[in-house]
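Working notes for the structure below.
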Amino acid sequence: LDNAWAGYHCCLFAYGQTGSGKSYSMVGYGQNKGIVPISCEEIFKRIGTNTDADKHYEVMVSMLEIYNETVQDLFVGVDDRPKHGLQIRESKALGIYIDGIIKNAVSSYEEIEKAIEHGTSNRSIASTAMNATSSRAHTVITIEFKQVQKIQGGQQAVKVSNINLVDLAGSEKANQTGAKGDRLKEGSAINKSLSALGNVIEKLAERSQGKKNVVIPYRDSKLTRLLQNALGGSSKTIMVCALSPASSNYEETLSTLRYADRAKKIKNHVVINENPQEKLMREMKEENERLMEMLKKMGGGVEGGAPGGASSELVREQEDKIAQLEQMLKEQQMSFQDKLNETREREDAHGKNPLDANTKNIGGSQTPLMVNLNAERSLSGRLRYVFTDDAEVTIGGHGPPVTKKKEGSDSDSDSDSDSGDEPDILLGADGVFATHAKVENKERRCFLTAVADESASSTWVNGKCVQDLLSAPWARDGDGWTLKEGPGLEGPWREEGSGYEEGDPAGVLLLHGDRLVFGKGFFLFVDPRLAIPEMMVMAGKYTYSRARRELPEHWREGVKTKGLKNVLHAAFAKSKTKKMEDEKDDSDSESQHTDSEDEKNKLESQLHRTGDEVSLLRKKLQETEALLKKARQQEQAEKEAKESALLAVNNAKQAAFKADKEKKAAQAQARDALEAAAVFEELRPSTDAKMRLDLAITRILSAMEVARAAGVDATGVVAAEAKLDMLRKNVQVSEKLSQACRITDDSATMQVKLALAQVKQVHGMPIDKRMVQKTEA
């Protein structure tokens, strides 16, 4: 603002990933004001301190958004916007400007606040996995600030400053935001324009550091084209970096800091914008005269008609430029008071509050209201019903009239509670009587009452029946209710701390965020001074399912009316009965019969149309159930496939563990076999020893033959023969055992066991214990 007062153009824009707090910093939320409302308030505070009679200030505001690379005026309702948006144009006289954008002249903070609230209500926002109120478009608020000073000679010295306040949409990753369909297309357009902005900032930083022949790609996106003067022209620009503290957003945070580091290197050359109006008007007149002269040379002229062929397009283009310049010249020649009067006339033409012209059932920005809650969250908040200030609002539906209870009497009488008048708020939900309830707004404090016991039993506030709340001392306990107990406690709880004041009307005091149920219709009570309805619904705290869970299981018992279809059935039955009575009383009355027949046909036609609508709704319900069933089957199949994959992975891990265990066991057996083979190799007799053993056995056998032939006692020789024979068997068994240990096939274990058994049958021989132990192992 100091720069604006000095006469410089200035800009402030917030950059960062989605959900990091850009919109909160720029616009604020609820009672926490952001930079935009604080700046607007400060502008008029400074203007209010002016004591110079020869100096006055003029303030005009415009507001636009860039949605999917399309420029839209936020002061225009969604239904009235051009399909392809507004065009960004450039001229020598005006520079970069938006063709056809509305600029509202404002003279107080209340007027500019109302204008910005009106534009904010038309912004494009949606819910993603990272942000319930994610901005889906870039928003630019431009405040044109003029200081007009009277000088000598009746002349005026003018300083003009354009204050651009930019709330950029956040960069986002589709896998983190869960974006699909339109949200994915929006995110793609946002990231594309932010990438173009990053390229422009990088090129401007290179040029500021002295690099030559740098081409700045302003035309790569609508955002950079619009901010061309703010980024690299005559403007003092501030960049606000919004960072997320989450460790999962480390890369985005680092990217934002690098972005800011490049932006800090840009150097703009600014000048004070003094007396630009006279210069601008002169340049526009010269441009207009030049275009007129060009048309005359082409032979067309403004009055003579355009020539055919290719030149006709050029003529039309020049004529459009002339018309635009004449319109701009006319606006420049208008005084600020004329612009202010024009703005107020435009507001009066659309209603006292510009917010009323583009929204339904909204009323004043501070008036309490209720919005619908739907099982489909995207449909919640679409219907709004305002409780007019200092008035009593009647709520009704398509059901039959209630049996109104008379004051001071316990008897009931059948009569319409509202004398047949239409209710102020007509609800289409089942279970709502023709006149169901009333809400009295007293100084923006709303009190809910039911018109009869029948409707009181089907009216609920935060899960508690109104009939109970008005007959017993129920006190608020957070978002619920608690019953106060004690002597003398009867009727509604209105003691200190209950929120009631002396002189308040009868009924339940409604507070911000209360969930209301009329018949089978669910609604949310909103105080706009505390929050915006759309943000409350998108935040996910106030939902249809929550309001439904608060109700007891028997809540449907109080719903005694069914809705429009049953009303038509009853009307048809009544008409049929009347017809039969008329025929019985006066069978000759042809005209009466014709009237009854026409009425019957009319009601049958209405009933038929209603039946068709019910059939269509049933068909849609069946299709929805089929899609839901298919989605559940697909979810179950995915779950089973996931479980099968996990089981296969576990089996593979167990098989690998078992194979590794068996491999280690086989390696250990191989090592033991090699050690046993080494022992056997050491104990195996040599070839020379076996030859000597065979020679000794041969000699003993010869000696035994000689002894027998000579008749000599050969007992000693026989004993020696037995020992030698045992020694020979031991040698043979040792060789078999050594061979068995060298076998690598599956029969090795069995052969080793057989050889070991033979070894144990040899008695009296010095068998090495190590060999036996190794073999057994």
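The values are calculated or read from the model by the stated rules, or taken from the named source; none is laboratory data. No experiment lies behind these values; they were computed from the predicted model shown. Quick reminder, even Gly has a Cβ in these numbers, built from the backbone with ideal geometry, and neighbours come from all protein chains shown. For accessibility, only protein heavy atoms count, side chains too; no ligands or nucleic acids. Shrake-Rupley method; radii C 1.70, N 1.55, O 1.52, S 1.80 Å.
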Among (1) within 30 Å of Lys723 (Cα to Cα); (2) at pLDDT 70 or above; (3) surrounded by fewer than 11 Cβ atoms within 10 Å (Cβ to Cβ), which single condition is Asn651 missing? (1)
Against the definition (basic (Lys, Arg), touching a Gly at 6+ places or on another chain (Cβ under 9 Å), modelled with pLDDT under 70 and surrounded by 12 or more Cβ atoms within 10 Å (Cβ to Cβ)), how does Lys576 come out, yes or no? no
Lone qualifier among Leu379, Leu369, Leu383 - being under 34 Å from the mean Cα position of the chain (by Cα), surrounded by fewer than 17 Cβ atoms within 10 Å (Cβ to Cβ) and at pLDDT 70 or above: Leu379
Test for Gly497: is it within 21 Å of Pro368 (Cα to Cα) and not acidic (Asp, Glu): no
Going residue by residue through region 213-221, is there one that turns out to be at pLDDT 85 or above, surrounded by 17 or more Cβ atoms within 10 Å (Cβ to Cβ) and part of a helix (DSSP H, G or I)? yes
Out of all the residues in region 198-219, which are without any contact (Cβ under 8 Å) to a residue 40 or more places away in the chain and not basic (Lys, Arg)? Asn199, Val200, Glu206, Gly210, Asn213, Val214, Val215, Ile216, Pro217, Tyr218
Kindly indicate which of Tyr24, Tyr15 is open to solvent by 50 Å² or more (accessible area, probe 1.4 Å), over 30 Å from Val158 (Cβ atoms) and of a type in the set (Ser, Thr, Tyr). Tyr24
Considering only region 92-107, state which residues are part of a loop (DSSP other than H, G, I, E, B) and farther than 15 Å from Lys321 by Cβ. Ile101, Ile102, Lys103, Ser107
If you check every pair at least six apart or on different chains, which have Cβ atoms under 9 Å apart with a residue in region 95-109 that is at positive phi first and a residue that is open to solvent by 50 Å² or more (accessible area, probe 1.4 Å) second? Gly95/Asn229; Gly100/Pro82; Gly100/Gln87
Could you run through region 549-560 and say how many residues are more than 26 Å from the chain's Cα centre (by Cα) and not in a loop (DSSP other than H, G, I, E, B)? 6
Has region 234-247 got at least one residue that is part of a helix (DSSP H, G or I) and more than 13 Å from Leu168 (Cβ to Cβ)? yes
Mind checking which residues of region 453-469 are among the hydroxyl-bearing types (Ser, Thr, Tyr) and modelled with pLDDT of 90 or more? Thr459
Expected output for region 49-64 (first residue farther than 30 Å from Val76 by Cβ, partner at pLDDT below 90, Cβ below 6 Å, 6+ apart or cross-chain) is Asp54/Lys150; Lys55/Gln149
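Conditions (1) assigned to a loop (DSSP other than H, G, I, E, B); (2) at positive phi; (3) surrounded by fewer than 19 Cβ atoms within 10 Å (Cβ to Cβ), marked per residue:
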| position | (1), (2), (3) |
| --- | --- |
| Ser498 | yes, no, yes |
| Pro505 | yes, no, yes |
| Leu516 | no, no, no |
| Phe525 | no, no, no |
| Ala531 | yes, no, yes |
| Glu534 | no, no, yes |
| Val537 | no, no, no |
| Ala547 | no, no, no |
Between a residue in region 439-468 that is farther than 14 Å from Gly396 by Cβ and without any contact (Cβ under 8 Å) to a residue 24 or more places away in the chain and any residue that is among the small types (Gly, Ala, Ser) and part of a strand (DSSP E or B), which pairs come within a Cβ distance under 6 Å, given they are 6 or more apart or on different chains? Ala456/Ala450
Scan region 227-260 residue by residue and report those that are of a type in the set (Asp, Glu) and exposed (fewer than 12 other Cβ atoms within 10 Å of the Cβ). Glu251
Tabulated pairs, region 600-614, first among the hydrophobic types (A, V, I, L, M, F, W, C), second open to solvent by less than 50 Å² (accessible area, probe 1.4 Å) and assigned to a helix (DSSP H, G or I), C-beta under 7 angstrom, 6+ apart or interchain: Leu603/Leu568; Leu603/Ala571; Leu603/Phe572; Leu603/Ser575; Leu607/Leu568; Leu607/Phe572
Being assigned to a strand (DSSP E or B) and among the aromatic types (Phe, Trp, Tyr) is the filter here; which residues of region 1-36 pass it? Phe13, Tyr15, Tyr29
